[in-house]
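Comments concern the structure below.
What follows is calculated from the coordinates using simple rules that are stated; it is not laboratory data. Everything numeric here is computed off the predicted structure, so don't read it as measured data. All Cβ positions, glycine included, derive from the backbone under ideal geometry; neighbour counts span all protein chains shown.
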Amino acid sequence: MSASRITRRIVATALASGALVAAAALPANAAGHDRHHSFRSTIVIGQVQYDSPGRDDRSNRSLNAEWVEVRNTGRQAVNLRGYTLSDRDGNRYRFDNLRLNGRSSVRVHTGVGRDTRTDTYQDRRNYVWDNRDTATLRNDRGRTLDTKSWGRFGHRR
């Protein structure tokens, strides 16, 4: 093999290595700069029924008429064990061993009831979701997956 051919191979290898190192560094900077927007969970908050229809008489029926829907927009089932749903006042519901199938949802009711695949109950005796409130969904590691506000709060958390 000639010396010029060996030199060309060494130069080409060095350039390729430099390009790989540069390419690896760029996404790290971009990910660090815009990290908040790069993560998108398939587990999100869907509809919210925050004002129980009818009189607010604190009956179990009235309490269960307020709920927050948690949706799995992905195709794969997810176990929600340890996930939490909370309001801005600090009321928190922790999911037990609930497997949420892909493209399905579960309603988290405020009152007392028997949990199923489509409905789960916080077993509370007082209303949780105010007319102006924010629902926050976190995974089992405490990472915020989704928030939904209504009333006059807008983006306030």
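Sorting 105-112, 91-98, 54-61 by their mean Cβ neighbour count within 10 Å, with the most densely packed peptide first, gives 105-112, 91-98, 54-61. Based on every Cα atom in the stretch 65-157, Rg and the maximum pairwise Cα distance Dmax equal 12.9, 35 Å.
Converting phi to 3J(HN,Hα) with the Karplus coefficients 6.51, -1.76 and 1.60 and the offset θ = phi - 60°, the stretch 126-143 yields 10, 5, 10, 8, 6, 5, 10, 7, 9, 9, 10, 10, 10, 7, 5, 9, x, 6 Hz in sequence order, with x at every glycine or proline.
All other residues whose Cβ lies under 13 angstrom from that of Gln76 are scored, Lys and Arg at +1 and Asp and Glu at -1, for a net of +3.
Summing +1 for each Lys or Arg and -1 for each Asp or Glu among the other residues whose beta-carbon sits under 9 angstrom from that of Gly151 gives 0.
For the stretch 113-121, 3J(HN,Hα) computed residue by residue from phi via the Karplus equation (6.51, -1.76, 1.60; θ = phi - 60°) reads x, 9, 5, 10, 5, 10, 9, 10, 10 Hz, glycine and proline entered as x.
Between Arg99 and Asn126, the contour length at 0.36 nm per residue exceeds the Cα-Cα span by 7.0 nm.
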